[in-house]
Amino acid sequence: MKITKSPWLHQLNDERKTIKLSHDLETDITIVGAGIAGISTAFYILKNTDARVAIIEKGKLASGATGHNAGQVVSYFERSFADMVREYGIEKTAYAWKAVENAWTQLDEMYTTAKLDIPFSRFIGHDGFISLDQVLHYLEDNRLRREAGMKIENIRVAAEANLAIPEKYKSLYDLRPQKEILAILETENTEFIASFSYQKGVVNSALFCQEVMAYLLKQYSHRLSLYEHTQINKVVLKHDHALLDAIEHTIDTQRVILCTNGFESLTIINEGGLEIDAKFHHTVTGRVGYMSGYYEKMNKQPIAISYYSGNVPYYYLTRRPFEKDKNLISVGGPEIILEDRKDYIREYEYPDEAQEDIDRFIKNTYDKDPNKKIDFSFTWHGLMGYTPNRVRRVGFEPKNPVLMYNLGCNGVGILPSVYGGERISKLLNGTENEKTIFDPE
């Protein structure tokens, strides 16, 4: 099956003029990557410092993972709260989760400051579970969240399931009729016996970046420049500045901030201190996620639901207004791990197996009419970079602070990227010095 354009790129302005770097450049800060991480980082640096900023993008603005996702806005990690407590302790883990949850405020700030009018929906979304082990996993997270003084999330368990739930979790869930849980999950699949509800949202992150960037270029025209179709092959770090090899031209910058998936081919040479691990990029695993979308009548509200059925890590579904009187249903789930250092090619064909998996999921779980033929108007895939600890890297490179990071999608990139952008600006202006689990090791 041939891949089609992502629905998020479909809504961008194709007539927007782009500028490729055509000269040597000197600036204070160079941001590599013009996706949600790069735009958020630029927004807060320009807001909170007086620095001159250049954004360098090898393709077009928001054309990477930001334009090839399911558009789901969530504040969790693809790692349990309890698991992170075991590694980092409850205080550091709670700080990290609160930081990402508070990024809703930063996302709102960017939206309102740039005076955007693009669709951005927030609501209570849901996760669905089919087993006792899944339920206990989230109940333990809830128990530790309460111990940390955090808000506990709403967990409903089907009374008919007669699950053997330990007494220590008694006050952390509600027993409800299974039909209520199935209604919340918008499914008739009776395998689902529990739901987990919390704040979610949906937004076209590529369109969001395009519109915020337009605002920044107008508001900070004297301090900001954007160069697209400009590849950075090498970063040479000195003790007080960096030189970036942009093939035909050189960028001399006081700081360089990598706002990418982290699964990149550029070379980093540190001449200002200890050697930076030549295998740095091997520590970020590339994972390709496959997604499909189709239209329905606009007779339901926006929603985001994840279904933990046990077949793949999970299927995730979003519904939002898209064009005229239509909702777009987007579904993802099938993934492959990209071989180490193998190039990811956006034009790869979409595998029939992934499409069949998504079609099967929709007919078994979401769609009330399993015999209806689904016309997928969009099929796309996107590259995600997973750090070893599945926690975003935000901060200074320990071996040379000229280099900074706001990278590592880890499957849920929008809110962590926005949080990382504000944190970078605070590190630069000296108002942030507390060590967190986001700091690169």
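The values are calculated or read from the model by the stated rules, or taken from the named source; none is laboratory data. Owing to the predicted nature of the structure, the values given are computational and were not obtained by experimental measurement. As a convention, Cβ positions derive from the backbone with ideal geometry for all residues, glycine included, and neighbour counts pool all protein chains shown. Accessible surface is based on the protein model in full, side chains and every heavy atom, while ligands, DNA and RNA are left aside. Shrake-Rupley method; radii C 1.70, N 1.55, O 1.52, S 1.80 Å.
Scanning segment 388-415 for residues that are more than 16 Å from Thr41 (Cα to Cα) and either within 18 Å of the chain's Cα centre (by Cα) or among the hydroxyl-bearing types (Ser, Thr, Tyr) (or both) gives Pro388, Asn389, Arg390, Val391, Asn410, Gly411, Val412. Could you tell me whether Pro440 is touching a residue at least 40 places away in the same chain (Cβ under 8 Å) and either within 22 Å of His241 (Cβ to Cβ) or open to solvent by 20 Å² or more (accessible area, probe 1.4 Å) (or both)? Spelling it out, Pro440 is indeed touching a residue at least 40 places away in the same chain (Cβ under 8 Å) and either within 22 Å of His241 (Cβ to Cβ) or open to solvent by 20 Å² or more (accessible area, probe 1.4 Å) (or both).
Within segment 228-253, residues that are under 14 Å from Gly59 (Cβ atoms) have Cβ atoms under 6 Å from residues that are among the acidic types (Asp, Glu) and open to solvent by 10 Å² or more (accessible area, probe 1.4 Å) in these pairs: Glu228/Glu57, counting only partners at least 6 apart in sequence or on another chain. The residues of segment 347-365 that are touching a residue at least 40 places away in the same chain (Cβ under 8 Å), open to solvent by less than 10 Å² (accessible area, probe 1.4 Å) and in a helix (DSSP H, G or I), listed by number, are Ala354, Ile358.
Flag: Arg390 matches the condition of being closer than 25 Å to Val203 by Cα, open to solvent by 10 Å² or more (accessible area, probe 1.4 Å) and of a type in the set (Lys, Arg).
Table: residues versus (1) of a type in the set (Gly, Ala, Ser); (2) under 20 Å from Val74 (Cα atoms).
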position: Ser121; (1), (2): yes, yes
position: Gly125; (1), (2): yes, yes
position: Val135; (1), (2): no, yes
position: Leu139; (1), (2): no, yes
position: Glu160; (1), (2): no, no
position: Leu163; (1), (2): no, no
position: Leu175; (1), (2): no, no
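Against the condition under 25 Å from the mean Cα position of the chain (by Cα), open to solvent by 30 Å² or more (accessible area, probe 1.4 Å) and of a type in the set (Phe, Trp, Tyr), how does Tyr215 come out, does it pass? Here the answer is yes, as Tyr215 does meet what is asked.
When Met213 is tested against (1) touching a residue at least 24 places away in the same chain (Cβ under 8 Å); (2) assigned to a strand (DSSP E or B), just one condition goes unmet, and that condition is (2). Identify, please: which residue in segment 222-254 is open to solvent by 30 Å² or more (accessible area, probe 1.4 Å) and within 24 Å of the chain's Cα centre (by Cα) and is, among those, modelled with the lowest pLDDT? This residue is Gln231. Tallying residues that are part of a loop (DSSP other than H, G, I, E, B) and either open to solvent by 10 Å² or more (accessible area, probe 1.4 Å) or of a type in the set (D, E, K, R) (or both) within segment 71-99 yields 7.
Could you tell me whether any residue of segment 407-428 is of a type in the set (S, T, N, Q), surrounded by fewer than 20 Cβ atoms within 10 Å (Cβ to Cβ) and at pLDDT 90 or above? Step through it out loud before you land on a result.
Start the filter on segment 407-428 by keeping residues that are of a type in the set (S, T, N, Q), which leaves 410, 417, 425.
Those still in the list that are surrounded by fewer than 20 Cβ atoms within 10 Å (Cβ to Cβ) too: none.
Looking through segment 407-428, none of the residues is of a type in the set (S, T, N, Q), surrounded by fewer than 20 Cβ atoms within 10 Å (Cβ to Cβ) and at pLDDT 90 or above.
Just to be sure before I move on: is Ile31 open to solvent by less than 10 Å² (accessible area, probe 1.4 Å), closer than 18 Å to Gly408 by Cα, touching a strand residue (DSSP E or B) at 6+ places or on another chain (Cβ under 9 Å) and in contact (Cβ under 8 Å) with a residue 24 or more places away in the chain in the structure I sent? So Ile31 fits the description; yes. Only a single criterion out of (1) within 30 Å of Lys234 (Cα to Cα); (2) surrounded by fewer than 20 Cβ atoms within 10 Å (Cβ to Cβ); (3) basic (Lys, Arg); (4) in contact (Cβ under 8 Å) with a residue 60 or more places away in the chain is not satisfied by Lys17, namely (4).
Hey, which of the strands (runs of 3 or more DSSP E) in segment 100-190, taking only ones fully inside, have at least 1 residues that are crowded, with 17+ Cβ neighbours inside 10 Å and either of a type in the set (A, V, I, L, M, F, W, C) or at pLDDT below 95 (or both)?
120-129, 154-158
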